[in-house]
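A short worksheet on the structure shown next.
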Amino acid sequence: MYSYEELIDYFEEEDVSFIRLAFCDIRGNLKNLAIMRSELERAVQSGISFDASAIEGFGDESKSDLFLIPDPTTMTILPWRSFEGRVVRMFCDIYDSEGNRFEQDSRQILKNAVKKATEKGITCNIGAEFEFYLFKTDDDGKPTITPIDSAGYFDVAPEDKGENIRREICCTLSEMGIQPECSHHEEGPGQQEIDFRFADALKSADNAITFKNVVKTVAMANGAHADFSPKPLQNRSGNGMHINISIDSADGADYQDMFMAGIMHHIKGITAFLNPTEESYQRLGGRKAPKYISWSHENRSQLVRIPASKNGKRFELRSADPTANPYIAFALLIYAGLDGIEKKMTLPEPTDVNLYSSPNDIINTLDCLPSNLSEAKAYAKESEIVRMALPQQIIDSLN
């Protein structure tokens, strides 16, 4: 945590002139406003006001003044901005005019979930893996649906025309304190994947928002358009946001199976927030995107996969996609997992088969994820986890 005086010293040393105060709407879209360095004291002490009625899900005009107070632990320089009069960005906490935390602030929703887990002696480390497409742009710089190449999984240049963009993305992320682990061409034409290291849940969600912003910015600078939508091309691989979770407990017990069981038990109720668009459901059920509520080891046809690993025990949820708000998604997964621990839920038997080619006598024994957004919303409105974790205004946004 930086003090105000330390921030001022740092900004003077690095010639910082502008500070971007960042937050997300309820959909997980990054928003910000910029202030001059001279306004930092006011931002830290009392916050910078903005019109909440202009932000989706933040309320109407009746009581629309909210305040952004920067979180200094999230400060990072934006490397693509000018080196003269540099720009830094900090995520913010959101308060109302009476000094109360704003309920619809999705970052605060995740903080609440982390706090509850901590009170129960549970630490959740999360790593998200994002897939995205790179499309060409037209002469006016507008995106097309023409991929930048026709390469496939793990292909190399010259077939892979995304490697220079991926390298620039990785270097930019590294400058911003996010350590990429690997990058490669994915199965679809022009489809990419970049994985970065796990972190605590809040930092991982912050990193996810930063990652998407960096990818889009670097792609645009290279004349391409980055598309994170779940199914940008029909009959091609969709874009997933695979969520890797590892659990540590203060008492040293292994709660992973119960945590997994809680997520599987509540998955129908939280799917509307993991897969929040109509297009999300075009992806589920094919090309390594799950349809059934099942789990197995090393099996990419399942909802939950336990990867082979020599570096600790974790599990991977494969249903979510990049249109999810990561703060809300991670919060709901934590609450669902904690419920599994509290109620000592047990996992069903693993489904050690390829579900994309299994006979009906196996398939018919399995429960399914919601098949469309309307069905997912109906489950969400009945979910005890959703009602406990989210304010009514966000639940109402499902209408």
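Tell me, in nm to one decimal, what length is gained between ASN112 and ALA250 on full extension, where the rule is 0.36 nm per residue of separation less the Cα-Cα distance?
47.8 nm is the gain from fully extending ASN112 to ALA250.
Hey, if you put +1 on the Cβ of every Lys and Arg and -1 on every Asp and Glu Cβ in the chain, which of GLY190, LEU202, LEU366 ends up farthest toward the positive end of that dipole?
Of the listed residues, the answer is LEU366.
Could you run the Karplus curve 6.51 cos²θ - 1.76 cosθ + 1.60 with θ = phi - 60° over the stretch 120-133 and give me ³J(HN,Hα) per residue in whole Hz, x for Gly and Pro?
For the stretch 120-133, the Karplus-derived couplings read 9, x, 10, 10, 10, 9, 10, x, 10, 10, 9, 10, 7, 9 Hz, x marking Gly and Pro.
Whose amide H sits under 5 Å from the amide H of ALA22, counting only residues 5 or more places off or on another chain, with H placed in the peptide plane?
Sorted by chain and number, the residues that satisfy this are MET90, PHE91, CYS92.
Let a ≥ b ≥ c be the square roots of the eigenvalues of the Cα gyration tensor of the stretch 240-399; is it rounded (a/c under 1.5), or, if not, prolate (a/b larger than b/c) or oblate?
Verdict is oblate for the stretch 240-399.
What dipole magnitude, in Debye to the nearest 20, does the chain give about its Cα centre under +1 on Lys/Arg Cβ and -1 on Asp/Glu Cβ?
Computed about the Cα centre, the dipole is about 880 debye.
Check which residues have an amide H placed less than 5 Å from GLY285's amide H, if you skip close sequence neighbours.
Distant-sequence amide H within range of GLY285: LYS291.
Given a 1.4 angstrom probe, I'd like the percentage of the accessible area of the chain that is carbon and sulfur, rounded to a whole number.
Details: 8100 of 17970 Å².
Answer for the chain is 45 percent, counting heavy atoms of protein chains only.
Just going by the charge dipole of the chain, with Lys and Arg at +1 and Asp and Glu at -1 on Cβ, which of VAL386, TYR2, ALA128 is farthest out on the positive end?
VAL386
If you average the C-alpha positions of the stretch 114-143 and of the stretch 1-24 separately, how far apart do those two centres end up, in angstrom?
Cα centroid to Cα centroid, the span is 25 Å.
Antiparallel as a % of all DSSP beta bridges within the stretch 187-324, to the nearest 5?
Numbers: 5 of 8 bridges.
Restricted to the stretch 187-324, the bridges split so that about 60 percent are antiparallel.
Dipole size in debye (nearest 20) for the stretch 154-263 around its Cα centre, Lys and Arg Cβ +1, Asp and Glu Cβ -1?
Details: 9 positive and 18 negative charges, 110 e Å.
Using only the charged Cβ atoms, the result is roughly 520 debye.
Hey, what D do you get for the stretch 216-276 in µm²/s if you plug the Kirkwood alpha-carbon radius into Stokes-Einstein at 37 °C and 0.692 mPa s?
216 µm²/s
By average Cβ neighbour count within 10 Å, what is the ranking of 271-282, 341-352, 12-23 from highest down?
Final packing ranking: 271-282, 12-23, 341-352.
Quote the relative contact order of the chain in percent (integer), defining contacts as alpha-carbon pairs under 8 Å separated by 6+ residues. Don't skip to the end; give the middle numbers.
Values: 814 pairs, mean separation 61.2, N = 399.
About 15 percent, as a whole number.
Relative contact order for the stretch 52-185: what percent, with Cα pairs under 8 Å and sequence separation of 6 or more?
Relative contact order for the stretch 52-185 comes out at 15 percent.
Counting pairs of alpha carbon atoms under 8 Å apart in space and at least six apart in sequence, what relative contact order in percent does the stretch 75-127 give?
Relative contact order of the stretch 75-127: 19 percent.
Suppose R0 equals 35 Å. What FRET efficiency, 1/(1 + (r/R0)^6) with r the Cβ-Cβ distance, do GLU181 and GLU39 give to the nearest 0.05?
Working: r = 37 Å, r/R0 = 1.07.
Approximately 0.40, to the nearest 0.05.
What spacing in nm lies between the two simple spin-label points modelled at SER53 and SER397, each 7 Å away from Cα in the Cβ direction?
Spacing of the two 7 Å Cα→Cβ label points: 1.9 nm.
Rank LEU303, LEU317, LEU30 by mean-square fluctuation in a GNM of the chain with C-alpha springs under 10 angstrom and give only the top-ranked residue.
LEU30
Given the pairs LYS136/LYS231; LYS231/LYS288; LYS111/LYS203; LYS136/LYS288; LYS291/LYS377, which span a C-alpha to C-alpha distance of over 21 angstrom in this model?
Table pairs above 21 Å Cα-Cα are LYS136/LYS288.
Quick one: order VAL218, VAL353 from most to least accessible surface, probe 1.4 Å. Write down the numbers at each step before the final one.
Working: VAL218 5, VAL353 50 Å².
Per-residue accessible area, sorted high to low, gives VAL353, VAL218.
At 0.36 nm per residue, minus the direct Cα-Cα distance, what do ASP15 and ASN235 gain on full extension? Give it in nm, one decimal, please.
Computed gain between ASP15 and ASN235 is 74.2 nm.
Spelling out what I want: for every residue of the stretch 340-352, take phi, set θ = phi - 60°, compute 6.51 cos²θ - 1.76 cosθ + 1.60 (Karplus), and round to whole Hz; glycine and proline get x.
For the stretch 340-352, the Karplus curve yields x, 5, 4, 9, 6, 5, 10, 6, x, 5, x, 9, 8 Hz.
Under a Cβ-only charge scheme (Lys and Arg +1, Asp and Glu -1), can you give me the dipole magnitude of the stretch 280-365 about the Cα centre, in debye to the nearest 20?
Dipole magnitude for the stretch 280-365 comes out near 300 debye.
³J(HN,Hα) across the stretch 254-268 via Karplus (A = 6.51, B = -1.76, C = 1.60, θ = phi - 60°), whole Hz, x for Gly/Pro?
Each residue's phi maps through the Karplus curve to give 9, 9, 4, 4, 5, 5, 4, 4, x, 5, 5, 5, 9, 4, 4 Hz.
Among rounded, prolate and oblate, which fits the chain when a ≥ b ≥ c are the square roots of the eigenvalues of its C-alpha gyration tensor, a/c under 1.5 means rounded, and a/b larger than b/c means prolate?
oblate
For the stretch 92-139, what does the alpha-carbon gyration tensor say about shape, rounded, prolate or oblate, given a ≥ b ≥ c as the root eigenvalues, a/c under 1.5 as rounded, and a/b over b/c as prolate?
Values: a/c = 6.13, a/b = 1.51, b/c = 4.07.
Oblate, because a/c is 1.5 or more while a/b does not exceed b/c.
I need the peptides 176-188, 126-138 ranked by packing, meaning the mean over residues of other C-beta atoms within 10 angstrom, with the highest value on top.
Ranked by mean Cβ neighbours within 10 Å, highest first: 126-138, 176-188.
Suppose the chain between LYS381 and CYS368 were pulled fully straight at 0.36 nm per residue; how much longer would it get relative to their current alpha carbon spacing?
Extending this stretch completely gives an extra 2.9 nm.
The values are calculated or read from the model by the stated rules, or taken from the named source; none is laboratory data. Keep in mind that this is a model prediction, so the values were computed, not measured. Note that we place each Cβ from the backbone using ideal geometry, even for glycine, and neighbour counts take in every protein chain shown. These accessible areas exclude ligands, DNA and RNA; they are computed on the full protein's heavy atoms, side chains included. Shrake-Rupley method; radii C 1.70, N 1.55, O 1.52, S 1.80 Å.
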